[in-house]
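Worksheet: the structure to be examined is printed underneath.
Nothing in this text is a laboratory measurement; each read-out follows from the coordinates by a stated rule. Note that the structure is predicted; figures quoted are calculated from it, not measured. Neighbour counts are summed over all protein chains in view; Cβ atoms, including those assigned to glycine, are modelled from backbone coordinates with ideal geometry.
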Amino acid sequence: MDDPMGAGNPFQGLLNDLLKLIGGASAGRTAWLDAARSLAQAVATDGQPEPNADPLTRIALEELARVAELHVADVTGLPVGPGDQPSTFVAVGRGAWALRALDAWVPVLERMVDGHRRATPPLPIEEGLAGAGGLEELLGRFAGTMGPVLLGMQFGSAAGHLAQRALGQYALPLPWPASHEVLVVPDNIAQFSRDWSLPEEEARLWVCVRELTAHAVLCRPHVADRIRTLLESVAADAIASQTGLAERLGGESGDPESLQRLLADPESLLADLLTPGQQRTSSELVAITTAVGAYVDHVTARVSGNLTGSAGALREAWYRYRIEDAAGEQAAAALFGLELGRDQVDRGATFVRGVLERAGEDGLGRLWTSGRTLPTPAELDAPGLWLERIDLPDES
């Protein structure tokens, strides 16, 4: 264009609109969070209206809750939720699950956004195009405002894709805000049952046992606090990635052709953002969440073996379900610095077997006694070493 900043130019209007969306401090957190929520629901539902849960399904879940609660409490020895009140299963659709998950992630997401804003202050709305000396300067300054909205869109997309496959609340082994409610997604459970030729009622009970076990572990205050602390360190790595993207966009702003090629290749544009903290991810966070997942799998298999006739088929179907065609789960996990692939699943299962061989169920239950008994990365690969350490006297 001879005059890209000229009056009436559509490019000018586009940049002005984007600056109003993401650039101003007056927008607070609502702009990026609203965009994330909208994208999450659209992806989860494919843009279609979502009906309310079937009342009969809700009644069935209430009955299953009591059965699952008794057995999970008996096997784990843990309270199955915060306080003394019983937990309640809540049937939700994919869109509702995505929004609830996004709300649960907001504390980590806000930390990333706030850190990015401190590193690259946004362009104030009142300055807009009027404060820019030309296209090059405008794009350079505009790049500094891109991080929050891109980050919000990443998490929104991740929540939406995850909702399409999540069977229940703990699709990722991360703590949610303390609540007596535990979400399940009946449509996904039904699809899981059909895909693997499983009795739907037994699959529903299996999911309830699994979700309640995860709830019991991740509601332990020292477990939740430790995971949240590690997530904060991952957020710091993500801030550096966001800043790097802004610098990359700014560097290309002086060359419109290079900028056009960059923007035309979303994978290239988001290469550093799709796995924030991936290269410096906390091995301790991976170790703890891997142990959580393996323990939940073990308890679920043990309980379902007493309650269903399809325990073996359910266990095998679940193993394959989460390691085959699970790009959505792995992409969402990578945003938090987690690893959910086959290697980690097998690593956790090996750890659990090693503990059981040496110390039985009582030894395995000591995983959640205190923050001191959480396994380190080295101990996850050497269960005997973990057992030896936790038998040592406490140090003040």
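Multiply the residue separation of residue 283 and residue 373 by 0.36 nm, subtract the distance between their alpha-carbon atoms, and state the gained length in nm to one decimal.
Details: separation 90, 0.36 × 90 = 32.40 nm, distance 1.64 nm.
Full-extension gain reported as 30.8 nm.
Quick one: 3J(HN,Hα) in Hz for segment 182-188, Karplus 6.51/-1.76/1.60 with θ = phi - 60°, rounded, Gly and Pro as x.
10, 7, 9, 10, x, 4, 6
Among the GluC sites (Glu not before Pro) within segment 149-208, which fall in a DSSP loop and have no more than 13 other Cβ atoms within 10 Å of their own Cβ? Each step should come with its number before you reach the end.
Values: sites: 181, 200, 201, 202; in loops: none.
Those that pass, being in a loop and sparsely packed, number zero.
Give the peptides 100-106, 304-310 in descending order of average Cβ contacts within 10 Å, highest first. Write down the numbers at each step before the final one.
Numbers: 100-106: 20.0, 304-310: 16.4.
Ranked by mean Cβ neighbours within 10 Å, highest first: 100-106, 304-310.
Per residue of segment 363-375, what does 6.51 cos²θ - 1.76 cosθ + 1.60 with θ = phi - 60° give for ³J(HN,Hα)? Whole Hz please, x for Gly and Pro, Karplus curve as stated.
Computed from phi, the couplings for segment 363-375 are x, 5, x, 6, 3, 10, 5, 7, x, 5, 8, 5, x Hz.
For a label point 7 Å from the Cα of residue 229 along Cα→C-beta, name the residues of segment 289-321 whose backbone N is under 17 Å from it.
289
Which shape class, rounded, prolate or oblate, goes with segment 147-205 when its Cα gyration tensor gives a ≥ b ≥ c as root eigenvalues, a/c under 1.5 marks rounded, and past that a/b bigger than b/c marks prolate?
Working: a/c = 3.81, a/b = 1.71, b/c = 2.22.
Judged from the Cα gyration tensor, segment 147-205 comes out oblate (a/c at least 1.5, b/c at or above a/b).
Quick check: from the Cα gyration tensor, does segment 31-78 come out rounded (a/c under 1.5), prolate or oblate?
Working: a/c = 4.84, a/b = 1.92, b/c = 2.52.
The shape class here is oblate.
Which distance in nm do the two modelled labels at residue 385 and residue 366 give, with both placed 7 Å along the Cα-to-Cβ direction?
Each label point is offset 7 Å from its Cα along the Cβ direction, giving 1.7 nm.
Please give, to one decimal in nm, the separation of the simple spin-label points placed at residue 70 and residue 191, each 7 Å out from Cα toward the Cβ.
Label-label distance for residue 70 and residue 191, simple model: 3.4 nm.
When the chain is fully extended, how far beyond the present Cα-Cα distance does residue 62 get from residue 350, taking 0.36 nm per residue of separation? Don't skip to the answer; put the middle values down first.
Working: separation 288, 0.36 × 288 = 103.68 nm, distance 3.44 nm.
Once the chain is fully extended between residue 62 and residue 350, it gains 100.2 nm.
Taking H as built 1.01 Å from N, whose amide H comes closer than 5 Å to the amide H of residue 181, not counting residues under 5 places away?
Here 88 satisfy the definition.
Could you rank the peptides 369-377, 182-190, 346-354 by their average count of other C-beta atoms within 10 Å per residue, with the highest value first?
Details: 369-377: 15.3, 182-190: 21.4, 346-354: 18.2.
My ranking of the peptides, most packed first, is 182-190, 346-354, 369-377.
For a quick check of your reading of the filter: which GluC sites (Glu not before Pro) in segment 305-343 sit in a DSSP loop and have no more than 14 other Cβ atoms within 10 Å? Display every interim value, and only then the final one.
Numbers: sites: 316, 324, 329, 339; in loops: 324, 339.
When the GluC sites (Glu not before Pro) of segment 305-343 are filtered for loop state and at most 14 Cβ neighbours within 10 Å, 324 remain.
Give the long-range amide H neighbours of residue 168: residues separated by 5 or more places, or on another chain, with amide H under 5 Å away, using H modelled in the peptide plane at 1.01 Å from N.
Result for residue 168 returns 185.
Roughly what would the spin-label model give for residue 316 and residue 38, points 7 Å off Cα along C-beta, in nm?
Each label point is offset 7 Å from its Cα along the Cβ direction, giving 4.7 nm.
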